[in-house]
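Okay, so here's the structure we're looking at.
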Amino acid sequence: MRRRAAAEQAERHPALHVMGLRRRFAQPGGEVEVLRGLELRVSSGELVTVTGRSGSGKSALLALLGGFDAPDAGTVSLNGVPIAGAPSWHACAVLPQALGLAGELTVAENVALPLRLHPDGEPDPVAIAARVSELLDELGVGALAGRHPAEVSFGQQQRVALARAISGRPRVLLIDEPTAHLDVGSVPAVLRALRRCADEGGAVIVATHDEQVHGIADRRVRLLDGLLAEL
């Protein structure tokens with residue numbers, strides 16, 4: 001019932017609307033069409049997980065949804081506006097497998113970056129510090145706030161990058177394999193953070209093989225032969 005209601009809401013009010021998405025890549029044996037007219041609607045407040053075998057195009061799809069790559073055909077719209085290039089972190093935040101943390105910044109400074117770049121006026125340093133501290137503590141990396149990314153493990157970096165992605169409460173959140181490098185004890189905090197992002201009104205799309213992540217989703221879809229199917 002919950003998944004049916006979420007699907008009906010996405011149909012009426014999509015925060016993310018993908019129509020006819022196609023993407024081809026050159027391979028040694030010739031071009032391969034990874035996405036073949038893909039369609040997707042995700043509403044505000046909905047968490048959708050995308051599954052599929054390795055190489056099926058999940059990461060390629062997220063790159064297109066986040067504006068980091070351009071489709072060969074089709075459109076991606078955020079809140080009714082077609083994207084052209086990467087949108088602001090507040091419109092659409094992306095956590096790829098290559099985390100992209102700024103090595104010259106501390107953990108806390110990385111998480112604060114979207115807040116300092118907020119388009120709605122001057123940032124409040126006190127509010128930023130409180131938000132950063134809250135997220136780092138929630139994800140179990142609060143003690144690392146003053147370190148640089150190279151001084152912490154990859155699993156810790158992954159949680160820092162998640163904190164950065166959600167710090168500005170983006171309207172759309174795109175996450176690629178958020179639990180792939182985490183120890184068992186760190187996973188529940190990540191699941192809670194993802195679920196809360198959706199519950200607070202964000203549209204959350206997660207590419208994952210992890211059944212625990214699928215378990216908190218409103219909908220689960222499979223990428224197969226370049227198209228998405230509901231599960």
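Coordinate-derived values only; no laboratory data. Here the structure is a predicted model, which is why all the values come from computation and not from measurement. We place every Cβ from the backbone using ideal geometry, glycine too, and count neighbours over all the protein chains shown.
Is any residue of region 186-206 close enough, with backbone N under 20 Å, to a label point placed 7 angstrom from the Cα of residue 147 along the Cα-Cβ axis, and if so, which?
186-190
State, to one decimal in nm, how far the label point of residue 117 lies from the label point of residue 31, with both points 7 Å from Cα in the Cβ direction.
For residue 117 paired with residue 31, the spin-label model returns 3.3 nm.
Identify, among 187, 202, 77, the residue whose Cα sits farthest towards the positive end of the charge dipole of region 75-225, taking +1 on the Cβ of Lys and Arg and -1 on the Cβ of Asp and Glu, with the dipole about the Cα centre.
77
Which whole-number percent gives the relative contact order of region 154-221, counting Cα pairs below 8 Å spaced six or more residues apart?
Details: 59 pairs, mean separation 24.9, N = 68.
This gives 37 percent for region 154-221.
Give the relative contact order (percent, whole number) for region 26-122; include only Cα pairs under 8 Å separated by 6+ residues. Mind dumping the intermediate values first?
Numbers: 42 pairs, mean separation 16.6, N = 97.
Answer for region 26-122 is 17 percent.
What's the extension gain from residue 216 to residue 77 if we count 0.36 nm per residue and subtract their Cα-Cα distance? Kindly include the intermediate steps, with their values, before the conclusion.
Working: separation 139, 0.36 × 139 = 50.04 nm, distance 2.50 nm.
In short, 47.5 nm is gained.
Over region 177-231, one equal point on each Cα, no solvent: what is log10 I(q)/I(0) by the Debye formula at q = 0.16, 0.20 Å⁻¹?
So the normalised log intensities are -0.52, -0.77.
Calculated from DSSP H runs of 4 or more alone, at -39500 (n - 2.57) each and per residue, what is the 222 nm mean residue ellipticity of the chain, nearest 500?
Numbers: 7 runs with 75 residues, N = 231.
Estimated from H runs of four or more residues: -9500 deg cm²/dmol.
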